[in-house]
Amino acid sequence: MTKRKAPPPRRRLRPMHLGLVLVSIVLVTAVAVFLSVRDLSISDLFYRRTRTGGSQSILTAMEDLSRLETLAYIRRSVFPHDYLSPDIEMTELVRTITRHGGRAEEALTPLEYAHYRAANLASHLGMAVRRDQGGYVVVTSIYRFGYDVETLTTYLRSTGKTESAKTADILGALPPGVLLEIEIEDLSRETYPYGPVKIDAEGWRRITAFVADIGLPDAVFTEMAERSRDQAIQILRRIIPES
Amino acid sequence: MKKGVIVAIMTVVLVGTVVLVGRYIFFSVPPPDLHSARSRIENLSTLTTGRYEYRDVIFFGEETRLLGIPTGNREMLFAIRIDVIAGLYLADAVTVEAGGRRERELFVTLPAPEIIRVVAREDTIDQYFARTGFRGVDWLDVSEEVERAKERDRRDALERGILDRARMHGEFLVRELLLAAGYDTVHIRFRPDEPKGLRG
C-alpha cells in the first residue's frame, strides 16, 4: 500500500509581500512618468549628457571689397608635430637662449625658433611636445592669392591706353599676385576625421595664430604668386576683348 | 555561488577600469598621416565685392550625470568675429560683346552676386571664461555652435541686402577695369539668375 504524499501547505500572501508589490508598482510608474515627462530613455537614468549652447550677434561693419581672387593654396598641417624637429632638444635650445641674454628670436635659427614656440605652446595646452607623442590638431589653412582691383586698374591705365596695344601684350607684364588673406578652416565633425580636439577657444586661437604666423616657405609663396598671376591673365583675357 | 558571481563581476569591472584609465594615460593616438592630402591648389575666378562683419558671443555648456548624480559641468563663453563675404563668380557665364554704334563700346553680362563664404576669424577670439573639467572640452562640439552662428549671420546679411551692395560695387569695379583697359563706354547688366547659395 502506497502512502499518499501530503500536499504542500498553501502559502498565504502576507501583508509584507503585498506591500513590496505595491511599492514596486508605484516606483515603476513614477519612473515611467518621469521619463515620459522629461522625454528621456531608460539609459539616461544611468548616464546622461545634456548640452546647451547659444549665441547672439551684432553687425559691426559693412564694407566694400575690391579683390580679384585667383588662386587658393590649401595646406593641412599637424600641430605641433609638423613644427617639431626630431633632432632638436629643448634643453639645448634653452641653453642657447640663455647664452644670448634670453632673446629666443635672435638666438635661434628659424627652424629652432619654430620648434621652441611650438613645443612651448603645445606644453601649455597639454599636447605633444615631442614628435613621438600624441595630442595634436590638424589645421587646414587657406592662402588666397590675387589682386586688389585698384592695382589692376592702375596697371591697365599705365600700360594699355595706346590704340595699338594688344590685350595679351598688356597683360604679359602683370606683376605676380599678392597674398590677400589667410583663412583657417573651421573644424566640424563632418570634415574632421582625426579624433577629438581637447582645447578651449583660447587654445584654438593661439594654435591658429601660430600656424598663420609661420606661414608658407618662401619657395612655395613665390610659386603661388606666379600661378596667381597666370590665372589672373586668363580671367582678364576673358573679360577684356582682344583689341 | 552567489559570492563567486559577485567576485567575478567585481573583477571584470576592476580590470575594465584599469584598462580604460591606462589607455587614457599611457597610450595616445598617433598623429594622422596626411601625406596624400597635405596640400592642394585651386584656381579661383572670384571678385569679392562686399563684406559684412558680425561680432558673435557664443556660449557652450555640457552637463553629465551618472545615476542622477552630477559628474561634470563644462562651460565656455567667448566672442568671435564672423565675416559674410559676397561677390561674383567670374567663371560663371560672363559674356562680353564689343560693338554697338561706337568703336570702343562694350556690352558685358555678369553673373548674379552670391555669398562667397562665411568665415569665423579665429584671430579675433576673445574668451571670457572656460570651465573645462577633468575631461576637457572637445572643440568639435563647440564648433557646432560656431557653425550655427555662421548660418544665422549669413541669413541676416542676406536680409540686410549684402547682395545688392555686392552687385553695385561689382558693377563699379568691372566698369573701372574696362575703362582702364581703353574702352570708352561700358554697358553692364547682370543675369537674373537666383543666387545658387553658399559655395565656399
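Values quoted throughout were computed directly from the atomic coordinates according to the rules given, and no laboratory measurement underlies them. All of these numbers come straight from a predicted model, not from anything done at the bench. A quick note on method: Cβ atoms are made from the backbone with ideal geometry, for glycine too, and the neighbour counts reach across all protein chains shown.
Explain nothing, just the number: relative contact order of chain A, from Cα pairs under 8 Å at least 6 residues apart, as a whole percent.
Computed value for chain A: 23 percent relative contact order.
Tell me, what HN-Hα J-couplings in whole Hz come from the Karplus equation 6.51 cos²θ - 1.76 cosθ + 1.60 at θ = phi - 60° for each residue of region B:61-66, using x for Gly and Pro?
Here the 3J(HN,Hα) series is x, 8, 10, 10, 10, 10 Hz.
Please list, ordered by chain and number, the residues whose modelled amide H lies under 5 Å from the amide H of B:Val186; skip anything fewer than 5 residues away on the same chain.
Here the answer is B:Leu106, since their amide H atoms fall under 5 Å of that of B:Val186.
Within a 10 angstrom radius of each residue's Cβ in A:191-199, how many Cβ atoms of other chains show up on average? Whole number is fine.
Partner Cβ neighbours, averaged per residue: 5.
Report the charge-dipole magnitude of region A:106-232 in Debye, nearest 20, computed about the Cα centre from +1 at each Lys and Arg Cβ and -1 at each Asp and Glu Cβ.
140 debye
Give me the log10 of I(q) over I(0) for region A:81-135 at q = 0.14, 0.23, 0.30, 0.31 Å⁻¹, as the Debye formula computes it from C-alpha points; what are the numbers?
-0.33, -0.84, -1.22, -1.26
Which angle between 0 and 90 degrees, to the nearest 10, do you get for helix A:201-214 versus the longest principal axis of chain A when only C-alpha atoms count?
Computed tilt is about 30 degrees.
Would you mind ranking A:Lys166, B:Lys150, A:Lys198 so that the residue whose beta carbon has the fewest other beta carbons within 10 Å leads the list?
Listing A:Lys166, B:Lys150, A:Lys198 from fewest to most nearby Cβ atoms yields A:Lys166, A:Lys198, B:Lys150.
Enter the mean number of other protein chain beta carbons within 10 Å of the beta carbon of each residue in B:76-83, as an integer.
Mean number of neighbouring Cβ atoms from other chains: 4.
Find the Cα radius of gyration of the protein assembly as shown, compare it with 2.2 N^0.38 Å by division, and give the number to two decimals.
Ratio of Cα Rg to 2.2 N^0.38 Å: 1.44.
Report the convex hull volume per residue for chain A, counting only C-alpha atoms, in Å³.
Residue-normalised Cα hull volume stands at 384 Å³.
Taking +1 at the Cβ of each Lys and Arg and -1 at the Cβ of each Asp and Glu, which of A:Gly135, A:Ala122, A:Thr98 sits farthest along the dipole of region A:81-135 towards its positive end, judged by Cα position relative to the Cα centre?
A:Thr98
Would you mind putting A:15-25, B:58-68 in packing order, based on average other-beta-carbon counts within 10 Å, highest first?
B:58-68, A:15-25
Take the Cα pairs of region A:183-243, get the Kirkwood Rh, then feed it into Stokes-Einstein at 20 °C and 1.002 mPa s and tell me D in µm²/s.
D, rounded to a whole number, is 140 µm²/s.
Please get the size of the charge dipole for region A:81-135, origin at its Cα centre, with Cβ charges of +1 on Lys and Arg and -1 on Asp and Glu, quoted in debye to the nearest 20.
It works out to roughly 160 debye.
Scale the Cα Rg of region B:66-176 by the rule-of-thumb value 2.2 N^0.38 Å and send over the ratio, two decimals.
It is 1.74.
Could you compute how fast region A:125-192 diffuses translationally, taking Rh as the Kirkwood radius over C-alpha pairs and applying Stokes-Einstein at 20 °C with viscosity 1.002 mPa s? Give it in µm² per second.
131 µm²/s
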